[in-house]
Amino acid sequence: MRRRSAASQTWLLVVRLLQIRIFAARREWSNSTVHAAAMIAGGVLFSLIFMGTYVGTRALDAAGASGLLATVPAWAFLVYLLTDIVIAFGQALGDLYASTDMPLLLALPVRIPALVSAKFVLGVVQNELYILAFVLPFVLGYLAALGAPWIAYPAMIVGITVFPAILYAALVVVTILALRVIPARLAKEGLWLVGAVVPTVFWIAMFYRVSHITGDVATMSLPPPPSWLPSTWLGWGLSAFGGVGTGGSAAGLGWTAMLLFETFAICPPALWLVSRSFARGWSDSFAGGIRRVAEPLAGVGPRHSRIVALVTKDLTTFLRTPQLWFNHIGALMFVVYLLIGHAVQTPIFPLTVQLAMVQIGFVAVLGAVTPGMTSLSLEHAAIWVLKSSPLRAHEVLVAKVLVPFGQTATIAAIGGGLLSAGYGFNLPQSFAVVGFGVIMAACSISLGVAFDTSHPSFTWENPNSINRGPRMVIPFLNGLGMLVVCGAALWLTRLTLHGTTGALVGLAASLVLTSIAVWETLGRASRNLSALEV
Amino acid sequence: MSGSLLEVESLTKRFGATVAVNEITFRVEPGEIFGFLGPNGAGKTTTIRILTGLLRPTAGRAVLGGFDIVKRPEAAKRMFGYVPDEPNLYGKLTPVEFLNFIGDVYGMDPKRKRARIGELLDLFELTSAAGELLEGFSHGMKQKVALCAALLHEPRIYFLDEPTVGLDPKSARLLKDILRAVTRAGGAVMMSTHIMEIAQGLCDRVAIVDHGRIAAIGTVDELRALRGDATLEDVFLNITGGEPGEAASGDRLRSIVAGSR
C-alpha cells in the first residue's frame, strides 16, 4: 500500500472533507426552489452591503469627511474581528473535539498533523464564507466609491482572505491550550463565555472613546483602534488604497504584505503546537467521572401544563447553552454602538423619536435571527420526543414562539429603555421606542419560527451551525422587510402628525401591520408543525 | 370493536417512487410480545415511526387502543411508550429533568410522577447519574433513560426499536423481565430486533418483513414448522434471501481477509 506524505494526506483530507460539507449543505435543501431563493437572498444581502457602503462613502466624501473616511475601515474590520472571536472559539472547539467525524478520522492511518491541518483549513474556509458575504461587499463598495486604483482590488482581496487564518490560528491555539488545563466539558462552556465577555468588554471600552469625539462631519475622525491588531492594518490598508489614509497605494501594498507575513509567521507554529497537543487533549476530553448528587429527585417539580413543561425545557436548554446567548450579546452591542456613536451619527441623521424606533426595530430584527429560526431545530435529533408525545401542534407552537420572543423582547425592551434614556426622551416617547422594539421582536420571531418549521435542521453539530449560510439570510431579510414597511408607516405619520403624537400613531399603525404578518406566519407555522415528519 | 391493542390495516408509506412499507396488516393482542424482524431497510423502523406518529401513512390505518393514530393522534399517543433505535435525548437536561418533562407532557400526578421517576432510576441503576447532563451519557445509558421515559406513564402498548442495542447484559435481561411483566399485566409490546435469539426466546408472535411487505407471520414454532423445524435464523435467512451463498464463498472471504494474516 502506498504511503503518503503529511502534506499529501492534508491535501487529500481537505478536498474530501470539503466535498462532504458541500454535499451535506446541498442535501439540507430538499427543495431546489427554496435553495435558489436563499441564494438570491444572499445576493440581495451582498448587493445591499455593497450599495450601502458605496452610497455612504460617496456621501461622506462629498461632505469632505476625510477624517471619518480614513478611520471607518479600521473600525469596520474591528467589528468583524470581535464578532468572529465570539463565533470562532466554539467553532475551533467544535471542529477539533466536538466533531462527530473525529473518532472515524482518528482511526484512519492518517498523521495527526495532517488531520489537524485539514481541520484548520476547513475552519478557515468556513470563516471565508462570512468574509465573502459581509466583508467583501464592504471593501468593494468603499474602493469603488473612492475610485481606488485597480491594484487595490486584488491586494485587498488577498488581505481579507488571509485575515481569518491569522485569527483562527490564534483562537485554535488558545482553545487547545485551555483544554490542557481544564476538562473539555468545562472548557466548552468556559471558552464560549470568554469568547463573549472579552469582545464585549473590549467593544464597550472602544466605544467609550468614540463617545468623546467632537466636531462636525468634516473635521470629525474616529479614534484609532489598537495598532497591534491585524484588523487595524487591514483598515489602514483600505483607507490608503482609497486615497484618504496615510501613504497611498504603496502603503496599502505594504499593509497587505504585513498581513501575508503575519499569516505565514503565525499559522505554521500554531499548527505545530496544536498537532503536538491534540492527541493528549483528545484523550483528556473524555476524562471526568459521574457527579453524585445528594438529592437525585430534586429536579422533579409540581405538575405543569404541557406548554409550561415545553417552555421550561427550552428555557433550561437556552440557559445551559452559551452559544445561544451570542445573538443577544451582539444585539446589545449594537445598542451600545448606537448610544455611544450618537455623537457621530446625529450630525449626519438628525435624531427623531421615529429614527430611534427604527434603530431599536433593527436591534429586534438582529436579536431575533438566531432564536426565531432555531426554535424548532434546537430539538435536534430528540424531535422524536415531541412528535411521539400527545402534544397538539398549537401547544408546541406557543412554546416555540414564547421562549424566543421572551428572549428577544427582553433585549429589545432593555435596548429601547437604554436608547430612550441616552437620547433624553420623555415617558411617551420612551414608550413608543420600547413598544416598537417589542412589536418588531414579535414579528421577527414569528417570521423566523415560520421559516424554521418549514425548513427545520435537526442534524447540526453545534447550535450556531443551524443558522449558517442561506438559512440565516432569509428570516433576517424578512424581518428587515417588515421593518422597512413599518418604517414607512412611521415616516408617513411623522409627516402628517408632528411630535410624540406622530410617533404613537406610527406605533399603532406598526402594531396593526405586524399583527397581520404574525397572524399569517403563525398560521403557516402551525400547519407546518402538524405536517412535520421526522 | 375488537380486543386488539394494536390493529394495522394495509399500512403503506411511499417516499417518492420508493415504497418503504407496502400494505402491511397485522394485530397485536393484549398480553403479547410481537417481534418485527427483517433485514436492514426492510421497513421495520418506518412502520414503527408511522405507528408512533412520527410519519404519516400514505395509505392504510393504524388503531392503537381504539384510537386512530392519524385521526385521534393525541389520544392514540397516550396509549404507548416508545424507544427509538437511536436514543437521542435533550443533551442539556439531566435524566430527572427529562423524565419530569415527560411526566408533565403526559399530565401525571406529581406524587405518582416523583415515585415513578425514583423507582425507574433505581431499577436501571441511574440514580448516581441523576444530576448529570444527558449529553455526557453513553449510548447504553441514554437507552436506559429512554426506556425509563417509555415506562414512566405506564402505557398499555410499547414500541421498542432495537431496544437491546447498547445495553449491557444485565440491563438487557432486566428489559426482558420488564417486558414479560408488562404482558402479564395485559399490555402489548411490539419490538423490532436483529437478534434472533431474543426474538425466539421472548416473542409470542413474529412477523418477518422484507422489502416493505410481511413475508411471514405467526408464532416462532409455526414459522419454524414452515421450514421443517429449522431455527428461526434459518427461517429468516431463507425467507429474506439472506443466505450468504456465492457472495461469501470460501475463496472470496479468504481474498477479503488476506491482508489480516
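The values are calculated or read from the model by the stated rules, or taken from the named source; none is laboratory data. Because the structure is predicted, anything quoted here is derived from the model rather than measured. Cβ atoms come from the backbone with ideal geometry, glycine included; neighbour counts cover every protein chain shown.
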Complete set of residues in the range A:363-415 that are in contact with a Ser or Thr (Cβ under 8 Å, 6 or more places away or on another chain) and of a type in the set (Lys, Arg): A:Lys387, A:Lys400
Test: B:Phe26 is facing chain A (nearest Cβ under 10 Å) and of a type in the set (Phe, Trp, Tyr): no
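Mind listing whichever residues of the range A:485-505 are among the hydrophobic types (A, V, I, L, M, F, W, C), within 18 Å of A:Ile360 (Cα to Cα) and either in contact with a helix residue (DSSP H, G or I) (Cβ under 9 Å, 6 or more places away or on another chain) or touching a residue at least 24 places away in the same chain (Cβ under 8 Å) (or both)?
At the first step, the residues of the range A:485-505 found to be among the hydrophobic types (A, V, I, L, M, F, W, C) are A:485-486, A:488-492, A:495, A:497, A:503-505.
Checking the rest, the ones that are also within 18 Å of A:Ile360 (Cα to Cα) come to A:485-486, A:488-491, A:503-505.
Hits for the range A:485-505 are A:Val485, A:Cys486, A:Ala489, A:Leu490, A:Trp491, A:Ala503, A:Leu504, A:Val505.
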Residues located in the range B:98-122, provided they are free of Cβ contacts under 8 Å to residues at least 24 places away in the same chain and among the basic types (Lys, Arg): B:Lys111, B:Arg112, B:Arg114
Candidates B:Ala149, B:Ala130, filtered to the one that is hydrophobic (A, V, I, L, M, F, W, C), buried (at least 21 other Cβ atoms within 10 Å of the Cβ) and more than 20 Å from the chain's Cα centre (by Cα): B:Ala130
Some residue of the range B:129-143 being more than 11 Å from every other protein chain (Cβ to nearest Cβ), free of Cβ contacts under 8 Å to residues at least 40 places away in the same chain and not small (Gly, Ala, Ser): no
Condition check for A:Gly90: at pLDDT below 80, crowded, with 17+ Cβ neighbours inside 10 Å and in contact with a helix residue (DSSP H, G or I) (Cβ under 8 Å, 6 or more places away or on another chain): yes
For A:Phe77: the one exception among (1) in contact with a Gly (Cβ under 9 Å, 6 or more places away or on another chain); (2) closer than 25 Å to A:Arg16 by Cα: (2)
Residue within the range A:297-309 that is more than 9 Å from chain B (Cβ to nearest Cβ) and either in a helix (DSSP H, G or I) or touching a strand residue (DSSP E or B) at 6+ places or on another chain (Cβ under 6 Å) (or both) present: yes
Within the range A:383-410, considering residues that are in a helix (DSSP H, G or I) and of a type in the set (S, T, N, Q), the one surrounded by the most Cβ atoms within 10 Å (Cβ to Cβ): A:Thr408
Every residue from the range B:66-120 that is outside any loop (DSSP other than H, G, I, E, B), basic (Lys, Arg), closer than 11 Å to B:His153 by Cα and within 7 Å of chain A (Cβ to nearest Cβ): B:Lys113
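Which is closer than 30 Å to A:Val125 by Cα, modelled with pLDDT under 90 and in contact with a Phe, Trp or Tyr (Cβ under 6 Å, 6 or more places away or on another chain), of A:Pro456, A:Pro470, A:Pro475?
Details: A:Pro456 fails: in contact with a Phe, Trp or Tyr (Cβ under 6 Å, 6 or more places away or on another chain); A:Pro470 fails: in contact with a Phe, Trp or Tyr (Cβ under 6 Å, 6 or more places away or on another chain).
Of the residues listed, the single one that is closer than 30 Å to A:Val125 by Cα, modelled with pLDDT under 90 and in contact with a Phe, Trp or Tyr (Cβ under 6 Å, 6 or more places away or on another chain) is A:Pro475.
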Out of A:Leu386, A:Leu351, A:Leu319, sole residue that is farther than 30 Å from B:Thr47 by Cβ, out of contact with any Pro (no Cβ under 9 Å at 6 or more places or on another chain) and within 13 Å of chain B (Cβ to nearest Cβ): A:Leu319
Pair list, Cβ under 6 Å, 6 or more apart: the range B:46-64 residue over 18 Å from B:Glu29 (Cβ atoms) and within 10 Å of chain A (Cβ to nearest Cβ), other residue in a loop (DSSP other than H, G, I, E, B) and charged (D, E, K, R): B:Leu55/A:Glu533
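Name the single residue, out of those in the range A:370-381 being surrounded by fewer than 23 Cβ atoms within 10 Å (Cβ to Cβ) and either over 14 Å from A:Glu533 (Cα atoms) or of a type in the set (Gly, Ala, Ser) (or both), that is farthest from the other protein chains (Cβ to nearest Cβ).
So, considering only residues that are surrounded by fewer than 23 Cβ atoms within 10 Å (Cβ to Cβ) and either over 14 Å from A:Glu533 (Cα atoms) or of a type in the set (Gly, Ala, Ser) (or both), the one farthest from the other protein chains (Cβ to nearest Cβ) is A:Ser377.
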Single residue of the range B:11-30 satisfying the filter (in a strand (DSSP E or B) and surrounded by fewer than 16 Cβ atoms within 10 Å (Cβ to Cβ)) that is nearest to the chain's Cα centre (by Cα): B:Thr25
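Looking at B:Pro87, B:Pro95, which is the one that is within 16 Å of A:Lys387 (Cβ to Cβ) and either small (Gly, Ala, Ser) or in contact (Cβ under 8 Å) with a residue 12 or more places away in the chain (or both)?
Values: B:Pro95 fails: within 16 Å of A:Lys387 (Cβ to Cβ).
None of the others qualify; the one that does is B:Pro87.
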Residues located in the range A:147-183, provided they are at pLDDT below 70 and either surrounded by fewer than 21 Cβ atoms within 10 Å (Cβ to Cβ) or not hydrophobic (A, V, I, L, M, F, W, C) (or both): A:Arg180, A:Val181, A:Ile182, A:Pro183
